[in-house]
Structure formats: C-alpha cells, structure tokens
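As structure tokens, the structure follows; a few thoughts come after it.
The values are calculated or read from the model by the stated rules, or taken from the named source; none is laboratory data. All values derive from a computational prediction rather than experimental measurement. With ideal geometry, Cβ positions are generated from the backbone for all residues, glycine too; neighbour counts draw on all protein chains shown. Surface areas here come from the heavy atoms of the whole protein model, side chains and all, with no ligands, DNA or RNA. Shrake-Rupley method; radii C 1.70, N 1.55, O 1.52, S 1.80 Å.
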Amino acid sequence: MRVSFRWLREYLPKLDASPQEVADRLSVSGLEVEEIHHEGTGLESVVVSEVTKVEAHPNRDKLSLVTVLREGGQTQVVVCGANNVPAPGGLVVLAPLGTTLPAIGITLTPKKLGGIVSEGMLCSETELGLAEESDGIIVLAPGTAVAGTPVTEACPEICDTLFEIGVTPNRPDALGHIGVARDIAAMFDTPLVVPEAVPAQKSHSEKCADVISIANDDTERCPHYGAALVRNLKIGPSPDWMRWRLNRLGIRPISNVVDVTNWLLLEYGQPMHAFDLADVADNKIIIRRASDKEAFTTLDGVKRELQEDDLVICDGKSPVALAGVMGGENSEIKENTTDVLLECAYFMPRGVRRTSRRYALQTESSYRFERGTNWAGVSEVLERAKSLLAELAGGQPCPDSLHVKGKLPESPKVRLRSQRLNSVLGLEVDFARARKILQSLGLEVSDGDSDDSIVVTAAPWRPDISREEDLIEEVARVIGLDEIPTALPRIAPQPPRSTGLLEREMGELAESIGLSEAVTYSFVSAADLEKVHAPKPVVTLQNPLTEERSVMRTSHLPGLIEVLRRARRRGEASVRVFTMGSLILPGGQKQSEAGAAARPAIAGDEVLPEERPSFAAILAGPRDGYLSRPQEMDIFDAKGFALELSSRFLRTEPTVVAASEPVPYLHPRGCAELRVDGELIGRFGPLHPDVVDATELGSPALIVELDLAAMERLGTQAPKFQAFARLPSVSRDISLMVHEDVPSGDVRDAIAEAAGELAESVELFDVFRDKSVPADHRSLAFRVVYRDPLATTAPEKARTLTDKEVDKNHDRVRRATEKLGASLRE
C-alpha cells in the first residue's frame, strides 16, 4: 500500500513530526514502512516562467522558438516541439541548463535543435515525474505564481513523501489514508480531521428514488447496497492536484468521474463504481446470483462464463458488474456521459474472494472487499462522492440516496481488564491512558462493572477486533511495541544442543563414500515403530495431521524402510541411502531435577525425553560390479561403510565386536557393534527377518546406525604424523579353522595379545568356506606384521628382527588361538 504523507497531513493538521518519525512509529505499531520515496527532490532549480513571444522555427516545421521571462526580468529562448505552447502571458515550467531531471535521468546541456541552441527545456508532466505519459508541456493556470518562482513552491503537490506500507490481512482499514491517519493520530496524540461532504451549490430537483429502482435479491452476500445519482455533469480531466496524486499512488487518471471513485478508494479504502445512467436498462439495478454459464464481458474486454456462485449487479436486462471485483464493459463512463449512477456497497468478503480467485481477477476493489470494508460507512462515502462530483464535474446531485439493506454484521462488545492488560504486556499501563488510546482509534468505550475494567465496542472498520487480546494489542501498538520490556523466559535447563556442524560434516562424509541422503519425517505412526521393534514412542501429538504422523520417532528405520519400499516399487535395484536427525527417546532426568521450580505448570515427577542426534543408513541390492557379475551386498559392505564413516570422522579406527546384547531389529547372527575405548558408537547388521516380513520389504536389507551424540562426545582425534620405518618388517600368515560361533574379532584380539609388542598389525585377509571345511566352521586367514616398535619412535635404537624372534612369537600366537578352539588349517 502506497501512502502519501502530504495527504495524511491534510487529516492531521496539528501533526508535528517528520516523515521519518512517522514511518518509525508506524513500523513499530504493526504497519511496517518497507520503503520511503521522496518525490520532487532534484527539482529545486525548475521554475515557473511566463511566455513573452512564440515564433516559428526557421528550419523545422514542428518546432517553435519560445521566449520566456524568468526571475529578475531575465529572458531566454527555448526550442520547443509541443503543440500546446500558450500565447504570450501564459505560464509554463522551465528547467534551466544544468538541471537534472530524475524522472528521465538526464542533465540539461546546451543542445542545437534545427541549428538553434535551446537554453533549457519547457517541461511536461512526464519529465517531472507527475504522469506516465503526457500530450504536451505543463501550462499553469493564470495567477498561479509570478515568473521565477520555484515550481515546487508554486505547485506544492509536486513534492511529497510516500510510504510503502506492508499491510497485514487483518488490517483492511489501513488500505485507506484515513485508516492510517487514525493510527498516527493515536500515536502522536493529535486530532484527526475527516473531510466532510460539502453540500452542492445546486442540487437536482428529481429524487433518486423517482429515477432508479433497486432490488437486492441476495442480502446475504450483499448486506448493504447504496446508490446515488448525479445529473448534468461534464466529463473532463481532473484538476492537476488530483491527477498528480493519483498517479503518484499508482492509479492512472482517466476522467473526473472515474478519478473521484479512485480518490475515495484511496481515501476511505471503500471501492465504488460509476455507471453511465444512459446504459442502465430500464433504470433498474438488481443484485442477484449469476446463472450457470451466463455470459459477461468485464471492463478488461475479456468475455467470461459466470457460475451460479457469482454475485452480479444487473440492470433491467443483463449483468453490468461482477460484484466487488470489476465492472462490465457495457457500463463504463464515456466522454458524452452526463448522468452518473454511483454504487457504494458492502459485499461479504468470502464471496468476493471466491469470485476473484475463480477468474484470476485481482483488482483494487476485490483486494479490499476480500479483507472487509467498513460496512457502516457506505452512506458517508456516497455523500462525499456526490460532493466531489458537484465540485469537479459541475454535476447536480439528487438530494437523496437509495439504500437496500439486509442483516449487517454486528460490532462485538469486548471487556478489557486492567490486570489482564498488565499481565499480557508485562508492564504497568495507566488504565486511563489505555482508555484514551482506544477512543482515539475510533472505538466506543464505556464503563465496565468495576473501576479497573471497561467495555469496548469494536468499530465497523476493524473486523479484526473481537476479544480482549485484540484490545491489548491495540494499546501495545500505540504505546510502541519497542516499549515493551524484553525478558528471557525461565526454562528448564537442557543439555547443549548440536549446532548442526556435526550433522553437516557427517552428511558430507556419507555423500563422499557413495551414500545418498533421504529426508524423512520426524513424525511416524506407533504401528510402524512396533513393526521394526523400535522403542515405544514417548511423545504423542495431540492434534496430528494423520495417524501415520501421530508420534515422534524413536528410530530412523520406518522412514528408511519406506524409502527402500518406494525405490523397489519404481524398479530401483541398488539402494544406498542415509538419513540424520534427532530421535526422541525415553530420558532419565526428571522435570523436578531440571529446574521444575521455574515451571510450576509441569508436574514435578515428569521425566523429560531425550533428543538424541543419530545417523542411519540402509543398504540393499547388488554392489557395483565391473568385470564380474554383480553380487548382493552383505554384512561386510555394511561393515565397510560403518568403519569408513566413523574412522574418517573420529580419525581413529573403532573396534568391531559382536553385539553385546540382542538388537531386536537386526539379525542375531549378523549384528555387530562399533566401539571406541569401550564406548558404543554404533552398530550394523542385516535387518531381522521378522522386520522384513512385517514391513513387506520382500528381500533383505542391511542397516548401519551411528550415535552422533556419542561420537561428538568422544571428539575428533587430531591426526599425528608417524615417520616411515627405515627397517624392514617381517610378515607371517596363519590360517585357522574356527567355529562359526567364535567371532573373528576375538581371534584377532587373541593373536595381537600373544604376538606382543613386536606385532605392528594384525589383519584378517581371507574368509573361506567349502566342503573341505568342517561343518559349522570357516577358515580365517590373518596376516601378522612384525617390526621393532622403536623403528618409528626411536629409529637410531631400532634393530632388524631375526627369524628366530619372529618364529618364537608366532608360535605363541598359534598356542593362543588353540584356547579358542581354533586349529591350523592343513
């Protein structure tokens, strides 16, 4: 909404504040001033000049030489191409050499036109930024000013400050200048002067009721329809001040009649429509619903088929306007119009909104009717329109107006209590001041049932006021929202929340090793959690969107399994996706232990849930195969992804061990854990067959889970440089027959312990199963690398190991594995 500060000052004659001060107060009151434009700046050197001589240009037929009189009796010659140069004595607007005209972005310099140097420019409205287009130069009325007067003094309307206000949907009153001025009057405690309709010097003898009949067949959608008649007027251009102001506020001037309706639109926020009475068939106005597929051509020239839900304004034969949205092509004001029928009505917002959306017609009228206009202001606006048309078009208004009403909305009465006002705002507000503020906003205030309460009747232009909190908001807006003290609420202490850096780094690592991220819902259903044997939900939504989103997740599996199901339905064989986010798990801290005294509304024995950041990935389908047939991913693929992610993040190699306890959603024979210094940081394994069946996956999948909270607690280990060993290593391989129940990690640990400090590394490099291996056994092959431990820490003291030393250690390794039931493979 573009608002003119000059216009506001006309309603607030005693306002003693600068445009910037007003803009600041509006912004902190809820009417945010998004931009400020200063119109007329840069025109200080442009002056009023008097034409003293007009001569034909010697070389150009369409140019003339105009001699003008400036200040101090100076004269100068200007080459002009306009066809409306006045005769000597006429007043024009001169931009001397050196003047910069912001509207067209040029600085005037001496320029030859047809061989004669022009000493400036006679300006048009376009060149001064007063109109989008113009047919000639500006010719001022005689007596406007003396020659040499700056044009900004002779025509003050040229200068203005415009506010671009972001009007929220609940403030339709601010879509008119009077509504904005009313707020400013309350903020600066200055009187508001609303213009009154001046009675016409000459009224028409006929009554409106004797000429026009109105039938309102839908008082539900149109509770108030008003009409007035102005006769014997003359269509012509509006005065400069009106045209310039309308153009500055974004409305193209058309004629005095149309401009008056647009003027009142911007003044009151009340849309109007003017009909040529000669085109109103049978002098009848009928408000009714449209017939299905009824033909109608709107003012924009588009032929439309209406629906039964549309409200139309009709004459005695056909529709002439789409109620509250746009007039019809057959009702527009023409140059020969002499009698005008004025329409001013209140239409219910919902109906106008449906029609506007249906035909994609967003007009200035529909924009205001959709939000709700002043249902009690129809008569006042009609009288003001009659007065302006009498003044600007020489019309003769009929003395009466016609009003057809249904059931109008009622202004609610709301009780305001001083105690509630202070409680909500958090500061002591003088109740007498609050009462005065509400009265200055145009609200009717009466005494309540006690000294510290009042009863407020909402104004018809404020449909957003219906309860006590609305009144408190009004008081706060006028006082200034920045005057309300800021205080941090007392809250129960919680563990530090993640900054998001952990999730971002882990996400980048996962993407770098070939995983794709899936964004899954934090809300799931309790049934889905039960299918994957996840912990029971601890947070249930009171008003869920659907049953499928009724609890907060305690596992990432429902979301990941749904992603895998969708991928398989669409023929995607290989799936490698991950997700991250918080799991809401049962907590161990009671509310009473977390500062319950600060929040007495919560029971002291309530246990707070834990919000635990977590990572999970699901793998399914074949692994990439280039020179061989693709094979299904297995537990070792899951192990590889788990180790790669955790070791890259922590910069230390976690230990892989068999699960210390059964994990209900992972296969009991394939579940493994990742530990660092004995602390559990994650697990991986095949999805439990029961979960596969319950979720209807159809085929197995692998799961990787990482506890991001535990990993963040451990922290990233700074990498340390280790010098290359100068002495050679000695490698020994050992192939063992091991029972399936014995984890390979236990065998590896036993080998490392037996090999002692000479063992630099122990690595499992082969797992073998076939008919030559006894049942329930497999062959595990380990490579043990021996080297003097001083080779990297103190190379000057290190020595090369002998075969005898290595063989002795390796024999201890063999004996140690026998304790696990392992035997050397022949």
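Things to note:
- Where strands (runs of 3 or more DSSP E) fall entirely within segment 227-313, those with at least 3 residues that are over 24 Å from Gln201 (Cα atoms) are at 284-289, 295-297, 303-305.
- Any pair with Cβ under 6 angstrom, 6 or more apart, that starts in segment 516-543 at a residue that is free of Cβ contacts under 8 Å to residues at least 24 places away in the same chain and ends at one that is not aliphatic (A, V, I, L, M): Leu541/Ser550
- Hits in segment 125-138 - residues which are crowded, with 17+ Cβ neighbours inside 10 Å and within 11 Å of Val92 (Cβ to Cβ): Ile137, Ile138
- Test: residue in segment 701-708 that is touching a residue at least 12 places away in the same chain (Cβ under 8 Å), assigned to a helix (DSSP H, G or I) and among the small types (Gly, Ala, Ser): no
- Scan of segment 237-247 for residues that are open to solvent by 20 Å² or more (accessible area, probe 1.4 Å) and not aromatic (Phe, Trp, Tyr), ordered by number: Pro237, Pro239, Asp240, Arg243, Asn247
- Some residue of segment 84-92 being over 18 Å from Ala154 (Cα atoms), in a strand (DSSP E or B) and free of Cβ contacts under 8 Å to residues at least 60 places away in the same chain: no
- Tabulated pairs, segment 440-460, first over 16 Å from Leu421 (Cβ atoms) and in contact (Cβ under 8 Å) with a residue 24 or more places away in the chain, second basic (Lys, Arg) and open to solvent by 40 Å² or more (accessible area, probe 1.4 Å), C-beta under 7 angstrom, 6+ apart or interchain: Thr457/Lys413
- Of the criteria (1) of a type outside the set (Gly, Ala, Ser); (2) within 22 Å of Glu132 (Cα to Cα); (3) open to solvent by 70 Å² or more (accessible area, probe 1.4 Å), which one Cys80 fails: (3)
- When residues in segment 1-31 are screened for being under 28 Å from the mean Cα position of the chain (by Cα) and within 12 Å of Val180 (Cβ to Cβ), 11 of them pass.
- Candidate set from segment 793-826 (those that are among the polar types (S, T, N, Q) and surrounded by 11 or more Cβ atoms within 10 Å (Cβ to Cβ)); member that is nearest to Val730 (Cα to Cα): Thr800
- Annotation note: of Arg350, Arg357, the sole residue that is under 17 Å from Trp461 (Cα atoms), open to solvent by 30 Å² or more (accessible area, probe 1.4 Å) and either assigned to a strand (DSSP E or B) or out of contact with any strand residue (DSSP E or B) (no Cβ under 6 Å at 6 or more places or on another chain) (or both) is Arg350.
- Contact map, segment 375-391: first residue more than 22 Å from Asn232 (Cα to Cα), second residue at pLDDT 95 or above and in a helix (DSSP H, G or I), Cβ cut-off under 7 Å, separation 6 or more or different chains; pairs are Gly377/Tyr268.
- All of (1) modelled with pLDDT of 95 or more; (2) surrounded by fewer than 17 Cβ atoms within 10 Å (Cβ to Cβ); (3) of a type in the set (Gly, Ala, Ser) hold for Gly226 with one exception: (2).
- Taken together, the residues in segment 559-588 that are without any contact (Cβ under 8 Å) to a residue 40 or more places away in the chain and either surrounded by 21 or more Cβ atoms within 10 Å (Cβ to Cβ) or in contact with a Phe, Trp or Tyr (Cβ under 6 Å, 6 or more places away or on another chain) (or both) amount to 1.
- Exactly one residue out of Lys413, Lys405 is open to solvent by 50 Å² or more (accessible area, probe 1.4 Å), in contact with a His (Cβ under 6 Å, 6 or more places away or on another chain) and in contact (Cβ under 8 Å) with a residue 24 or more places away in the chain, and it is Lys405.
- Flag: Ser418 does not match the condition of being open to solvent by 30 Å² or more (accessible area, probe 1.4 Å) and more than 24 Å from Arg25 (Cα to Cα).
- The set of residues from segment 674-701 being open to solvent by less than 10 Å² (accessible area, probe 1.4 Å) and among the aliphatic types (A, V, I, L, M) comprises Leu674, Ile681, Leu687, Val691, Ala701.
- Qualifying residue in segment 323-335 (condition: open to solvent by 60 Å² or more (accessible area, probe 1.4 Å), in contact with a Ser or Thr (Cβ under 7 Å, 6 or more places away or on another chain) and of a type in the set (D, E, K, R)): yes
- Filter result (in contact (Cβ under 8 Å) with a residue 24 or more places away in the chain and assigned to a helix (DSSP H, G or I)) within segment 420-432: Arg420, Leu421, Val424, Leu425
- Taking segment 162-186 as the range and being open to solvent by less than 20 Å² (accessible area, probe 1.4 Å), within 29 Å of the chain's Cα centre (by Cα) and either closer than 25 Å to Ala390 by Cβ or among the aliphatic types (A, V, I, L, M) (or both) as the test, the residues that pass are Leu162, Ile165, Ala174, Leu175, Gly176, His177, Ile178, Val180, Ala181, Ile184.
- Search result, residues across segment 348-373 that are touching a Pro at 6+ places or on another chain (Cβ under 8 Å) and closer than 13 Å to Cys222 by Cβ: Met348, Phe369, Thr373
- Residue within segment 680-688 that is of a type in the set (D, E, K, R), at pLDDT 90 or above and within 28 Å of His739 (Cβ to Cβ) present: yes
- Residue within segment 194-214 that is surrounded by fewer than 16 Cβ atoms within 10 Å (Cβ to Cβ), without any contact (Cβ under 8 Å) to a residue 60 or more places away in the chain and within 13 Å of Pro399 (Cα to Cα) present: yes
- Candidate set from segment 39-64 (those that are in contact with a Cys (Cβ under 8 Å, 6 or more places away or on another chain) and assigned to a strand (DSSP E or B)); member that is most open to solvent (accessible area, probe 1.4 Å): Glu39
- Counted residues, segment 293-319 - those being in contact with a Lys or Arg (Cβ under 6 Å, 6 or more places away or on another chain) and without any contact (Cβ under 8 Å) to a residue 12 or more places away in the chain: 0
- Residue count for segment 781-792, restricted to those that are at pLDDT 90 or above, buried (at least 17 other Cβ atoms within 10 Å of the Cβ) and either in contact with a Gly (Cβ under 8 Å, 6 or more places away or on another chain) or aliphatic (A, V, I, L, M) (or both): 1
- Among the residues making up segment 83-124, those that are open to solvent by less than 30 Å² (accessible area, probe 1.4 Å), under 30 Å from Gly250 (Cβ atoms) and of a type outside the set (A, V, I, L, M) are Thr99, Cys123, Ser124.
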